[in-house]
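**Q** First the structure, which I've put down as structure tokens, then a few questions once you've had a look.
Values quoted throughout were computed directly from the atomic coordinates according to the rules given, and no laboratory measurement underlies them. Predicted model, so just to flag it, every value in this text is computed and none were measured. Here the Cβ positions follow ideal geometry from the backbone for every residue, glycine too, while neighbour counts run over all protein chains shown.
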2 protein chains.
Amino acid sequence: MGGESGPGVTVPALLNCLGKHQSVEAILYGDLQKVAPYLSLCNDQALLSRVKIIHCEGEVLDTDKPSDVIRAKTNSSMSLAVSAVAKKYADACISAGNTGALMGLGLIKLRTLPGISRPAICTTLPTVSGRSYVLDLGANVECSPEQLHQFSVLGSLTAYLLDDIKQPSVRLLNVGVEEGKGSNQLQRTAHLLSADPQVNYCGFVEGNGIFKGLANVVVCDGFAGNIALKATEGFAMMIATILEDLLRNSWLARVTLGVMSRSFEDLKDRLDPALYNGAYLLGLHGIVIKSHGSASKKAFENALEVAIEAARHNLPKALAPLLTDKFITNNKESV
Amino acid sequence: MGGESGPGVTVPALLNCLGKHQSVEAILYGDLQKVAPYLSLCNDQALLSRVKIIHCEGEVLDTDKPSDVIRAKTNSSMSLAVSAVAKKYADACISAGNTGALMGLGLIKLRTLPGISRPAICTTLPTVSGRSYVLDLGANVECSPEQLHQFSVLGSLTAYLLDDIKQPSVRLLNVGVEEGKGSNQLQRTAHLLSADPQVNYCGFVEGNGIFKGLANVVVCDGFAGNIALKATEGFAMMIATILEDLLRNSWLARVTLGVMSRSFEDLKDRLDPALYNGAYLLGLHGIVIKSHGSASKKAFENALEVAIEAARHNLPKALAPLLTDKFITNNKESV
């Protein structure tokens, strides 16, 4: 368990999180030998009593094919963690490992909600006015209009349940906001969304509109979503690198930054990608959260918070009855 | 002429630019009544003698269909400006107007280079180590592998001619770097690029790799390119908004920012979107530069600089003979 960074990141993040949430218990699936040293650093016996460890020798690698994981790695930490959700031992599962394998295991062990053909990776992104749900972020590189419709319903209901927004505005990511813009696939999706009274469809949105907060839910295929997310991430990292260079080369900058550190902390708190780590695999009969593979301790802690929030709202169970019979019937063929 | 901001932005930008470049002359296509007040603010008669004004009453609107502009708006400022390049009255044309119309006029009046089926919108983006050429940014929402191959050749030769890079590294924008990732279209493009000895193809790149400077040239269809560019732009604007809020609400931040203004100017100079305004319509027999519709004076000035740089390097003329016979023959069918 633990993605690229391993238990040196995930275990301290978990212990921190348990310290904050007294009612949360954790099952840790992983190699006991690798996990134990980090657990032994904690002296709080009451807290440790809330951690159950299941030793697993099998590990899913980033290079593993999802089909191979499902067939051969049945005793891997990832496989057992997803099973724990399926068997109701756990309310949610969090992994920083191979996304494709996690998707595959989720599909096989948890199955999709009625009317949903495949789950979408969904995260919240910061906007000038709050946060927006964006999906899909890479699970489905190509999507049919029916799938994009399903993602719109899932995103919309999630924003309603988690952020208490009565009629979340839904927009489709496109290269322009005019009606005729974009591919045939987007045109057909717009048509489906306009015809669905359950979706508050508000038209197209361009890439910059995500951060302007022009919609509560932004829907796109996994290719576009992944490109938008990663490009932004790369830009943010470039700014950080340039700022670091500036600080290294200027004592004046270092001194003044020290003075105004409070303001910068405010800025960092709003923009820190760590605080947006933790993406839902939306559309399954159970909560599965994907953390960035190279997540920091703070970022993995955020993924745990995302899981706890979803579990507190009983996400898939609360969501399922909101899917209408008409939606389920219409989408039966595409499932 | 002048896009959303109009001659109040473009004329002062032009005059500034002419002040810097003594050997440059300008032909201004536009409504004399709207243009004149801004020209009259300039007292430098020698500079003004380098500006020729062609009065045009027709104007291309953002809502105009390209086909309508080509057919009916033959006396518009945009149409006449593109004609000036075709008739060799001008070495380059710059417009902040309707992108589709500019593309259409470029195609009709300037035609594409041999082996090129359609032009691509190409711009340079800042990276941690310099700048990268990214194309297409929205002119061609869907592209065939042959078109993406053509864009790779165009981008590569442009980086060679303008930035003096002997073998520019070319990468395809994708949702992962592993060979099997992405759509069938990208797989086929990768195959075409690997087989072309003129292209230094280095594999796939993810969105964050653009800003890491992992390639001199990043190639994608217009949909992906537009999403990446606009998402980044939106994120940058969000940071600017948050920073402004911080400064408004904190006297300490304002004072310290005053002290370290030099460092911040350095940062702004590297990141300011204005300094990346001005995109090439690459692949035409002539230089056509597209400015952002809502460009500031500084941004429009940058678009003028892009045009001057391209003209100094005699871009399409220097590029055309570098297209190999094999490339032209192979791409004949797709043109």
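**Q** Under 19 Å from the Cα of A:K212, which lysines turn up, not counting those fewer than eight places away in the same chain?
**A** A:K230, A:K268, B:K230
**Q** Suppose every K and R has +1 on its Cβ and every D and E has -1 on its Cβ; what is the size of the dipole of chain B about the Cα centre, in Debye to the nearest 20?
**A** Here chain B has a charge dipole of around 480 debye.
**Q** Sequence gap at least 6, Cα distance under 8 Å: using those rules, report the relative contact order of chain A to the nearest whole percent.
**A** 23 percent
**Q** Treating only the Cβ atoms of Lys and Arg (+1) and Asp and Glu (-1) as charged, compute the dipole magnitude of the stretch B:1-110 about its Cα centre; round to the nearest 20 debye.
**A** The dipole magnitude comes to about 340 debye.
**Q** From the residues B:L282, B:G19, B:Y38, which one has its Cα farthest along the dipole of chain B in the positive direction, the dipole being from +1 and -1 charges on Cβ of Lys/Arg and Asp/Glu about the Cα centre?
**A** Positive-end residue among those listed: B:G19.
**Q** OK, next. Write down the Kirkwood hydrodynamic radius of the protein assembly as shown, to one decimal in angstroms, obtained as one divided by the mean of 1/r over all alpha carbon pairs.
**A** Taking every pair of different Cα atoms in the protein assembly as shown, averaging 1/r and inverting gives 27.0 Å.
**Q** Put the label 7 Å from Cα along Cα→Cβ for A:G180; what are its distances to the other copies, in nanometres, shortest first?
**A** Spelled out, the distances from A:G180's label point are 4.2 nm.
**Q** Continuing with this model, one more query. If the only charges are +1 at each Lys and Arg Cβ and -1 at each Asp and Glu Cβ, what is the size of the charge dipole of the protein assembly as shown around the Cα centre, to the nearest 20 debye?
**A** 40 debye
**Q** If you don't mind, there's one more thing I want to ask. Pull out a ≥ b ≥ c, the square roots of the eigenvalues of the alpha-carbon gyration tensor of chain A, then state rounded if a/c is under 1.5, prolate if not and a/b is larger than b/c, and oblate in the remaining case.
**A** Because a/c hits 1.5 or more and a/b fails to exceed b/c, chain A counts as oblate.
**Q** Another question about this same structure. Put a label point 7 Å from Cα along the Cβ direction on B:P321, then list its distances to the equivalent points in the other copies in nm, shortest first.
**A** In nanometres, ordered from closest: 7.8.
**Q** Which lysines, if any, have their Cα less than 20 Å from the Cα of A:K87, not counting same-chain residues under 8 positions apart?
**A** A:K52, A:K73, A:K109, A:K290, A:K317
**Q** Let me ask something additional. Run the label-point distances for B:I53 please: 7 Å along Cα to Cβ, every other copy, nanometres, shortest first.
**A** Computed spacing set for this position: 8.2 nm.
**Q** Using a 10 Å cut-off around each Cβ of peptide A:220-228, what is the average number of partner chain Cβ atoms that fall inside?
**A** Neighbouring Cβ atoms belonging to other protein chains average 6 per residue here.
**Q** To the nearest 500 deg cm²/dmol, what mean residue ellipticity at 222 nm is calculated for chain B from DSSP H runs of n ≥ 4 alone, each contributing -39,500 (n - 2.57), summed and divided by the residues?
**A** Taking each H run of at least 4 residues, the total per residue is -15000 deg cm²/dmol.
**Q** Across peptide B:141-153, how many C-beta atoms of other chains are within 10 Å of each residue C-beta, on average?
**A** 1
**Q** Then there's this: Rounded, prolate or oblate, given the Cα gyration tensor of the stretch A:1-110, with a/c below 1.5 counting as rounded?
**A** The shape class here is prolate.
**Q** Return the average number of partner chain Cβ atoms within 10 angstrom of each residue Cβ along peptide B:173-185.
**A** That works out to 3 on average.
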